[in-house]
Amino acid sequence: MGFLEGKKILITGVASNRSIAWGCAEAMYRQGAEIALTYQNDKLKPRVEEMAHQCGSDLVLPLDVAQDAEIEALFKALGEHWDGLDGIVHSIAFAPRDQLEGDYIDAVTREGFTIAHEISSYSFAALAKAGRGMMEGRNGALVTMTYLGAVRAVPNYNVMGVAKASLEANVRYLAASLGPHGTRVNAISAGPIRTLAASGISNFREMLKQVEERTPLRRNVTIEEVGNAAAFLCSDLASGITGDILYVDTGYNILG
Ligand code: 0WD
């Protein structure tokens, strides 16, 4: 029996079979969870529906986190299928491409800063807020995806690093808010992985190479490994862990 048997988990941010969210869906399905997936736009819908089938699910709902009405509609629709919710995986980030190259001070703009923070950080609080009714008192968990650029000035990551710092603070504040209601809130700080979102970061290939050469395990992390960690954090095995940032990065963050 899997350690997520009987748990109902909503997973956002599946854009392709390279997405970290897909690693989470597969890992959680393997551990016995019931899965619901969201898609950002109509173009992605058929692909995400097909991927949901692979996880034994036909619960696939639209979600653009820039739209309050879509967030509200998501939980309303979910409530028509499920009597409660045990987990939410937030695996969403966005910044305009011109923000993710060159010197931070030259690249950053008011608009770029606002978009990055709204889509990559505020949306986590928005999902937590809209989902808390369905999660109340079930010992459930929220998990989001962050990156080392939140705590170090990583070249080209720029305003996304500032947004990830906000996201990590969001994890702590949400953990404080939701703990008394029995819900835990954590983040995974993943090492670099070649995905659609990562392709927007200038010199990403160089980043992957550098990690491989220096990190303790001498290789990059996989979406399966991040998915397994997310499955653990959503499970009762992690019942004592909240407000935490778990590094799943083959050890890179410990290097000086
Ligand atoms: O190296 C990496 N890939 C790392 C990613 C290292 C550490 C952390 N992360 C984080 C990302 O910052 C993000 O928060 O993991 C999360 C998932 O990213 P991913 O799996 O690397 O990327 P991807 O497969 O592209 O999924 C992110 C998706 C979007 O994809 P695209 O590339 O089409 O923008 O986030 C979704 C979208 O599907 N997304 C949205 N969903 C709903 N509403 C929105 C939105 N407004 N904007 C983006």
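Some observations on this one:
- Within the set M134, M160, the sole residue that is assigned to a helix (DSSP H, G or I), touching a residue at least 60 places away in the same chain (Cβ under 8 Å) and either within 14 Å of the ligand (Cβ to nearest atom) or of a type outside the set (S, T, N, Q) (or both) turns out to be M160.
- Test set (1) of a type outside the set (V, I, T); (2) touching a residue at least 24 places away in the same chain (Cβ under 8 Å); (3) more than 12 Å from the ligand (Cβ to nearest atom); (4) open to solvent by less than 40 Å² (accessible area, probe 1.4 Å) - A187 fails condition number: (3)
- Residue list for region 32-49, filter: touching a residue at least 24 places away in the same chain (Cβ under 8 Å) and open to solvent by 30 Å² or more (accessible area, probe 1.4 Å): E34, Q40, R47
- Looking across region 66-100, the residues that are more than 16 Å from the ligand (Cβ to nearest atom) and either aromatic (F, W, Y) or open to solvent by 20 Å² or more (accessible area, probe 1.4 Å) (or both) come down to K76, G79, E80, H81, W82, D83.
- Flag if A175 is surrounded by 19 or more Cβ atoms within 10 Å (Cβ to Cβ), touching a Gly at 6+ places or on another chain (Cβ under 6 Å) and touching a residue at least 40 places away in the same chain (Cβ under 8 Å): yes
- Selected residue (criterion: farthest from the ligand (Cβ to nearest atom)) from residues of region 196-215 that are modelled with pLDDT of 95 or more and either open to solvent by less than 80 Å² (accessible area, probe 1.4 Å) or among the β-branched types (V, I, T) (or both): T215
The values are calculated or read from the model by the stated rules, or taken from the named source; none is laboratory data. Just so it is clear, the model here is predicted, and its values are computed rather than measured. Here the Cβ is made from the backbone with ideal geometry for all residues, glycine too, and neighbour counts use every protein chain on show. Surface areas here come from the heavy atoms of the whole protein model, side chains and all, with no ligands, DNA or RNA. Shrake-Rupley method; radii C 1.70, N 1.55, O 1.52, S 1.80 Å.
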